[in-house]
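Student: Below is the structure I would like to discuss, written out as structure tokens.
No value in this document is a laboratory result; all are computed from the given coordinates. All values reported here derive from a predicted model rather than from experimental measurement. When we count neighbours, we look across all protein chains shown, and the Cβ atoms used for this are built from the backbone with ideal geometry, even at glycine.
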Amino acid sequence: MFDSLSLQQVITQFHFIRPLWLLAFIPMGLLFWLRWREANQPGWKDVLPDHLRKVLTIGEKGWSKQLPLKLLTLIITIGVLVCAGPTWQRQASPFGEDKASMLVLLDSSESMLEQDLPPSRLERAKQKVRDLLALRQGGSTGLAVFAGSAHVAMPMTQDTKVFEPILAAISPEIMPVEGKFAEKSLPLIDQLLQGKPGSTVLLVSDGTNPNTIAAFKSYFSDKPYQLMIFGAGNNNVVSDAPADFDSLRQLASEVNGRFIEMTVDSSDVEQLNRSVERNMQLNGESSMPWQDMGYQLLLPIALVMLLWFRKGWLVQWCVVLSLTGSLLVAPTVKAETVVASKAQTSQPAEVVTTWDKAAQWWWDLWLTPDQQGQRLLNQGEYLDAAKHFVDPLRKGTAYYYASEYKQAHRAFLQMDSDFGLYNAASALARQREYLAARDLLQSLADKKSLAAELRPSVEHNLDVIGGIVDEINLISESQAGTTDGPEESFELNDDKPRTADGADEITAGELMIKDTLNANEILGSNELADKWLKRVEADPKYFLRAKFQLQLNEPSHTTVSNGTSEAGEAQQ
């Protein structure tokens, strides 16, 4: 959908990838002028009387005069623009690292339990957040909740599945301090978004107050973030605590943000997603190359070229072919030999029919293996595309799309480069081998020879995965000494998957007699691992409540929360 943000993006970011091609307008204009002057030179027709000239010649007047020359000039003009590479947006990252970062600030105060937006404002807000996460498809997202104090519920991550139990557990009863102070969450924004340009802060609430508006205005005056406000409530329904959308609109106006009211359909979430992505494209930094938009101009060139088949039209075909021929030449493809691993060769062989062999022979006549793989990748057949690709980067990307992360990891390692190791770490994280991914990213970050354009992405992913490891360690510590946690520990070999460092555990002797799950059994059986995870995630409300209370008692958090936090501690 083309909106004001799309128009703004075109206006502010339009440029040419290869601007030197625009110099071709100089000889083109000179040739056009010489040809036009030659055609207008006096000839034998000019010595004839007017009444004879009209009978003996076919005149060209008005717009049709020198029409073939005008159309040839138009074709060359469009061709030069195509070669110059007009663009106004970057290519999308195949792994989602370049997607817009978003931090959700979710209001978890008592007023969010009002049922004017059934089943309640809070439940509808959580449902909308889930829908938005599904639309973002891998964008980095974090979650903070606030009432009388503000807390980090989920650090920035691209794994949307981990949000489900956290969102389900959020309610006013887990908040350590009552109230509605959205400004308490302002210190958490820089902590999570780390000043990344093009990021968006999404405030989900049913109202605010003048102090909050003043605090947000002061904070966002020098920050590179966009503020989106998502209003939860329905003013058409009588409620004990009506939603104050006027204050939210005022907040949006003060910080140059946008206010969107929740709707019964998905239009509100789609509008939010477009705004988040457009803001990233307008203000964000990306290491991805600019997307060449000039190829769309080839269609009008083809349509105009059809006129040259008219009888009596003359064109210098060599000029046109020399100009457009370079556009049709595929770039040189460098193929590399990839040795299949044992895991790849041990898979059951597929039955190849005679028809499959004939089809493959036909495609081999016209396309290289990498070109065939790209064709299948564009069709969404990622696994088949990976089998055709020769280039390790393309092969790994296709396996990544197909959710074959082990195969992707192996392919990326074959690149033998820092970028390959960076992608391999992403594949490890997708397998939940967070420790291995963290160690690999740490080794890259310690390299002094790491490319400058790659270092920010490596450090960002290192922080994200480090946060996940810390969260798992925290959960492990909360389960220590109970029948829900592991009862023994041992050092894992380097070739075994590890999600976190683990926690030391002190258990009573009588607990060892019970039928419990220990670490050895959990790691040795997928069934027992699933059973243990279900126990851990059975009711995350207790975990979040304890986590928020610990955060509230930290000295740094007390300073941030000021009087509200101190009052909360006095109540304990």
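Student: For a protection proxy built on the mean count of beta-carbon atoms within 10 angstrom, sort 246-256, 203-213 highest first, please.
Tutor: Top to bottom by mean Cβ count within 10 Å: 203-213, 246-256.
Student: How much length is gained on full extension from L113 to R274, taking 0.36 nm per residue of separation minus their Cα-Cα distance?
Tutor: Length gained, L113 through R274: 55.1 nm.
Student: Let me ask something else about it. Testing the spin-label approximation: label points 7 Å from Cα along Cα→Cβ at D470 and S218. State their distance in nm.
Tutor: For D470 paired with S218, the spin-label model returns 2.7 nm.
Student: State, to one decimal in nm, how far the label point of A445 lies from the label point of D292, with both points 7 Å from Cα in the Cβ direction.
Tutor: Placing both labels 7 Å beyond Cα along the Cβ direction yields 3.7 nm.
Student: Based only on other Cβ atoms within 10 Å, what is the fewest-to-most ordering of L48, L106, L462, L306?
Tutor: Ascending number of Cβ neighbours within 10 Å: L306, L48, L462, L106.
Student: Have a look at G195, A153, F245 and report the one farthest towards the positive end of the charge dipole of region 102-283, computed about the Cα centre with Cβ charges (Lys/Arg +1, Asp/Glu -1).
Tutor: G195
Student: Follow-up. If you place +1 on the Cβ of every Lys and Arg, -1 on the Cβ of every Asp and Glu, and leave all else neutral, what size is the dipole of region 102-283 about its Cα centre, to the nearest 20 Debye?
Tutor: Once rounded to the nearest 20, the dipole reads 640 debye.
Student: Once you put a point 7 Å from the Cα of L67 and another 7 Å from the Cα of L135, both along the Cβ direction, what distance in nm separates them?
Tutor: With each label placed 7 Å out from Cα toward Cβ, I get 4.8 nm.
Student: Oh, and also: What number in nm² do you get for region 102-283 if you take the convex hull of its Cα atoms and divide its surface by four?
Tutor: The directionally averaged projection comes out at 9.2 nm².
Student: Given K406/K541; K128/K541; K196/K217; K196/K448, which pairs have Cα atoms separated by over 25 Å?
Tutor: Violating the 25 Å limit, Cα to Cα: K406/K541.
Student: Distances longer than 16 Å among the Cα atoms of region 114-172: what percent of all pairs is that?
Tutor: The proportion of pairs with Cα distances above 16 Å equals 45 percent.
Student: Per 0.36 nm of contour for each residue apart, how much would the distance between L48 and L299 grow if the chain were fully extended, relative to their Cα-Cα spacing?
Tutor: Stretched out fully, the L48 to L299 stretch lengthens by 86.0 nm.
Student: Quick one: if the Förster radius is 45 Å, what FRET efficiency do N211 and T12 give, using the C-beta to C-beta distance and rounding to 0.05?
Tutor: With R0 = 45 Å, the Cβ-Cβ based efficiency is 0.85.
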